[in-house]
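To start, the structure itself, in structure tokens.
The values are calculated or read from the model by the stated rules, or taken from the named source; none is laboratory data. The structure displayed is predicted, hence computed values, not measured ones. Quick reminder, even Gly has a Cβ in these numbers, built from the backbone with ideal geometry, and neighbours come from all protein chains shown. Side chains included, ligands, DNA and RNA excluded: accessible areas come from the protein's heavy atoms. Shrake-Rupley method; radii C 1.70, N 1.55, O 1.52, S 1.80 Å.
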Amino acid sequence: EPTQISLWFSERIEPVFNKIEVADGVGARFEDGKPTLDASDRALLHVRVKQLPAGTYRVRWRVSAADSHKMEGSFSFQVAR
């Protein structure tokens, strides 16, 4: 069972103004705290998640790159039991 979601980017990310949301099909949120940059790789962003019951989840993210341009996107994943 996942305890965190990790996103790897092709460029370095600024340590502020980053957002990762993890929600189920009815909009309940499951992130547990704010996203943090990896201590050894500034292109890797993590967010801890609460226990995820079986179902489909959508991850939406928005980050600021080191050159200050904004990037955003989303993807879905499933948890099976």
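Sparse packing (at most 15 other Cβ atoms within 10 Å of the Cβ) combined with a DSSP loop state is found for the following chymotrypsin sites (Phe, Trp or Tyr not before Pro) in the chain: F17.
The relative contact order of the chain, computed from alpha carbon pairs under 8 Å that lie at least 6 residues apart in sequence, is 34 percent. Taken along the Cα-to-beta-carbon direction at a fixed 7 Å, the label points for D67 and A39 span 3.1 nm. Surface analysis of the chain yields an accessible area of 64 Å² per residue, using protein heavy atoms and a 1.4 Å probe.
Under 19 Å between alpha carbons, and skipping anything fewer than 8 positions from K50 in its own chain: which lysines qualify? Excluding near neighbours in sequence, the set is K19, K34.
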